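This report refers to the structure that appears directly beneath it.
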Amino acid sequence: MCVGELGAVLCLRGTDQADVRVAGRTLTVSLLTLDDGAPLAAGDVVLVHSGFALARLTPEEAAEAERIREGDRS
């Protein structure tokens, strides 16, 4: 099983890359596997794994993922 990290989009680099803040680091990630139709924007939260943004999370999904990662499973 792979575990991705949550990242906040800082800025877009053209149509296929974005700078994303992940755990205190800034990474440039590929958007080639992200295909949900809506344009990505600064402030969006994405699931990042191995240099790829795999999914965009809603604010509710991001909050739930953070809660689970912190160990609060209630």
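The values are calculated or read from the model by the stated rules, or taken from the named source; none is laboratory data. What you see is a predicted model; the values in this text were computed from it and never measured. Virtual Cβ from ideal backbone geometry, glycine too; neighbours counted across all protein chains shown.
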Item to check | Only one of V45, V29, V9 that is surrounded by 15 or more Cβ atoms within 10 Å (Cβ to Cβ), of a type in the set (A, V, I, L, M), touching a helix residue (DSSP H, G or I) at 6+ places or on another chain (Cβ under 9 Å) and at pLDDT 95 or above | outcome: V45
Checklist outcome for this item: Of the residues in the stretch 1-45 that are of a type in the set (S, T, Y) and not in a loop (DSSP other than H, G, I, E, B), the one that is nearest to L57 (Cα to Cα) is S30
Checklist entry - Quick one: in the stretch 12-26, which of the residues that are out of contact with any Leu (no Cβ under 8 Å at 6 or more places or on another chain) and not charged (D, E, K, R) is surrounded by the most Cβ atoms within 10 Å (Cβ to Cβ)? => result A23
